[in-house]
Amino acid sequence: MTLPIFSPPEDPGPSFFNLLQKVGFHNKISEKIENNNSITHGTTIVAIRYSDGVLMAGDRRATSGHLISHKTMEKVFPADAFSGVGISGAAGPAMEMVKLFQLQLEHYEKVEGSPLSLEGKANQLSLMLKGNFPAAMQGLGVIPIFAGYEEKTEQGRLFQFDITGGRYEEKDFVSTGSGSLHASTVVKLRHSSSVGLSGAIDIALEALLEASEEDSATGGPDLLRGIFPVVAKIDSNGFERISDEELESRTEIMVQNISERGNSQT
Amino acid sequence: MTMPMYVSPEQLMKDRADYARKGISRGRAAVACTYSEGVLLCAENPSKTLRKAGEIYDKIGFMGVGKYSEFDQLRIAGIRHADLKGYSFSRDDVDARWLANQYAQILGQYFTHEMKPLEVEMIVAEIGDYAEDDQLFHLLYDGTVMDTSSFVVIGGEAELIRDRIQENWKAGTSLKESIKLTTEALSGPDKSFSSNELEVALLSRGNGRRAFTRIEGDELNELLA
């Protein structure tokens, strides 16, 4: 590995993808995959806008067909200091996409001396998805959601994507994964524009719990082993994980409420 | 028929070195020094956009003086090299020593083979888990590398500034003391710098994964007071 110096017309600029191409890194999937059933799929990720920013939450289960292959998988990651990305779909390509996306944002920031705008970051992710489209047609699709805090407007913004790279900005909440239908119904019913951080965490936890009850590929909170969803807030202080202790106490209250509701109905 | 003019290698090298040295000494100086929490990068630089100090990787910083376009190209090449290495191996495998060697090779190659040498002088700084692991690499226009764990001065009037720092140098001082020492050495006894004439950046152990931060505005004023 020698120092990558390019002549002006060959220079890849501040883009890490272009740099990878220039130095000859390829990660193309060439063999056609016939059996889609063996591919890891299924997840529920939600992102909710609250008064000071955005909250992202994702379950911890990874499945291969009918088997649960991981109980403690993490699917919500910081993209950079003020944004986060949550992934659903084929685990391998999704993880690689997150790693490259994080690198791309950091690389740009270091080369240019200032970070990309939030919309610029969302567009970068969109381009990566477009690049992954041939693999998606072979069953290795990845569908991320992207959320971040915009310092200019002092509020959180949310973006949803499809496998072709389509980018859709949503106002209040987005979700992705096999349990997203159930989760988004819960969020839709409980969300209001004035919801604060505490309310948003409770909504996210309940949305994931409901999704886990209806969708076999979404894991619920595991009080026995102490496995809770990955929940992170992104506000003016940046990306920050909510501690497991806090999630545990909130989950216990939520479970208590649900059991009382159940008792009164019978 | 004309014969190619003979120039002795000694003369050729001396001319090139003089040329590079002249270019570098025209610019203003920059200092990197270790302090209790990491490395301080400090330069006289009234520009807020054309920077001398920069972030290379998690624990690695860069400082260059001389011709801006030349050291900025090397800074970007350093970032590319570090990000590629971290991507294909692991973030822990990226180190300053390797980068400094690569820079030295490029500088040496330009010095002996190209039309003109690069008119740059650079510092590659790396912080470790403990203060004794902090390292500063000093690179000259001809590819010479030196390493130290105290301080390095590059650019115009470097000798003079080096002597001023040497007089009061102590290892493991606080950030405020280190900034005072370096800015006073840069300005000399007759004047003092305000915060908008200085470019100050840190590689600090307290910053988490990405150790590099810039100190500007009110924060810098407070430290200069």
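The values are calculated or read from the model by the stated rules, or taken from the named source; none is laboratory data. The structure displayed is predicted, hence computed values, not measured ones. Don't worry about glycine lacking a Cβ; one is built from the backbone with ideal geometry, like all the others, and counts go over all protein chains shown.
Matching residues to (1) away from every other protein chain (no Cβ under 13 Å); (2) in contact (Cβ under 8 Å) with a residue 60 or more places away in the chain:
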residue: B:99; (1), (2): no, no
residue: B:114; (1), (2): no, no
residue: B:133; (1), (2): yes, no
residue: B:149; (1), (2): yes, yes
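Does segment A:107-135 hold any residues that are more than 14 Å from chain B (Cβ to nearest Cβ), surrounded by 18 or more Cβ atoms within 10 Å (Cβ to Cβ) and not aliphatic (A, V, I, L, M), and which are they?
A:121, A:124, A:126, A:132
Are any residues in segment B:185-216 assigned to a helix (DSSP H, G or I) and touching a helix residue (DSSP H, G or I) at 6+ places or on another chain (Cβ under 7 Å), and if so, which ones?
Scanning segment B:185-216 gives B:185, B:186, B:195.
Just for segment B:62-93: of the residues that are of a type in the set (Phe, Trp, Tyr) and away from chain A (no Cβ under 11 Å), which one is nearest to residue B:203 (Cα to Cα)?
Filtering segment B:62-93 for residues that are of a type in the set (Phe, Trp, Tyr) and away from chain A (no Cβ under 11 Å), the one nearest to residue B:203 (Cα to Cα) comes out as B:71.
Among the candidates A:144, A:134, A:78, single out the residue that is more than 17 Å from the chain's Cα centre (by Cα) and in contact (Cβ under 8 Å) with a residue 40 or more places away in the chain.
Answer to the selection: A:134.
Hey, any hits in segment A:140-162 for a residue that's small (Gly, Ala, Ser), farther than 18 Å from residue A:85 by Cβ and touching a helix residue (DSSP H, G or I) at 6+ places or on another chain (Cβ under 6 Å)?
Checked against the condition, which is being small (Gly, Ala, Ser), farther than 18 Å from residue A:85 by Cβ and touching a helix residue (DSSP H, G or I) at 6+ places or on another chain (Cβ under 6 Å), segment A:140-162 yields no hits at all.
Which one of these does residue A:57 not meet: (1) in a strand (DSSP E or B); (2) more than 18 Å from residue A:175 (Cα to Cα)?
(2)
Does residue B:20 fit the bill of being of a type in the set (A, V, I, L, M, F, W, C) and either within 14 Å of chain A (Cβ to nearest Cβ) or farther than 30 Å from residue B:205 by Cβ (or both)?
yes
In segment A:206-217, which residues are in contact with a strand residue (DSSP E or B) (Cβ under 9 Å, 6 or more places away or on another chain) and modelled with pLDDT of 95 or more?
Within segment A:206-217, A:207, A:208, A:211 meet the criteria.
Just to be sure before I move on: is residue B:6 at the interface with chain A (Cβ under 10 Å from one of its Cβ atoms), farther than 15 Å from residue B:214 by Cβ, of a type in the set (Ser, Thr, Tyr) and without any contact (Cβ under 8 Å) to a residue 60 or more places away in the chain in the structure I sent?
No: the conditions fail for residue B:6.
Are any residues in segment B:120-158 outside any loop (DSSP other than H, G, I, E, B), over 22 Å from residue B:79 (Cα atoms) and over 15 Å from the mean Cα position of the chain (by Cα), and if so, which ones?
Listed by number, the residues that qualify are B:131, B:132.
Quick one: would you say residue A:153 is assigned to a loop (DSSP other than H, G, I, E, B) and more than 21 Å from residue A:130 (Cα to Cα)?
So residue A:153 fits the description; yes.
Residues that are closer than 25 Å to residue A:148 by Cβ, without any contact (Cβ under 8 Å) to a residue 60 or more places away in the chain and in a loop (DSSP other than H, G, I, E, B): does segment A:166-179 have at least one?
Yes, that holds for at least one residue.
Mind listing whichever residues of segment A:90-143 are small (Gly, Ala, Ser) and not in a loop (DSSP other than H, G, I, E, B)?
A:91, A:92, A:94, A:120, A:122, A:126, A:131, A:135, A:136
Residue B:148 - would you say it is of a type outside the set (A, V, I, L, M, F, W, C), surrounded by fewer than 16 Cβ atoms within 10 Å (Cβ to Cβ) and within 24 Å of residue B:24 (Cβ to Cβ)?
So residue B:148 fits the description; yes.
Suppose we filter B:197, B:121, B:159, B:167 for residues that are of a type outside the set (Ser, Thr, Tyr) and closer than 24 Å to residue B:58 by Cα; which single one remains?
B:121
For segment A:182-200, enumerate the residues that are among the hydrophobic types (A, V, I, L, M, F, W, C) and closer than 13 Å to residue A:49 by Cβ.
Within segment A:182-200, A:187, A:195, A:197, A:200 qualify.
Going residue by residue through segment A:237-248, is there one that turns out to be under 22 Å from residue A:157 (Cβ atoms), among the charged types (D, E, K, R) and under 16 Å from the mean Cα position of the chain (by Cα)?
There is at least one residue in segment A:237-248 that is under 22 Å from residue A:157 (Cβ atoms), among the charged types (D, E, K, R) and under 16 Å from the mean Cα position of the chain (by Cα).
Quick check, is residue B:182 touching a residue at least 24 places away in the same chain (Cβ under 8 Å), closer than 25 Å to residue B:49 by Cβ, in contact with a strand residue (DSSP E or B) (Cβ under 6 Å, 6 or more places away or on another chain) and among the β-branched types (Val, Ile, Thr)?
The answer is yes for residue B:182.
Can you tell me which residue within segment A:24-50, out of those that are modelled with pLDDT of 65 or more and surrounded by fewer than 16 Cβ atoms within 10 Å (Cβ to Cβ), is nearest to residue B:70 (Cα to Cα)?
Out of the qualifying residues, it is A:24.
Within segment B:33-50, is there a residue that is surrounded by fewer than 24 Cβ atoms within 10 Å (Cβ to Cβ), out of contact with any Pro (no Cβ under 7 Å at 6 or more places or on another chain), within 13 Å of chain A (Cβ to nearest Cβ) and of a type outside the set (S, T, N, Q)?
The answer is yes; a qualifying residue exists.
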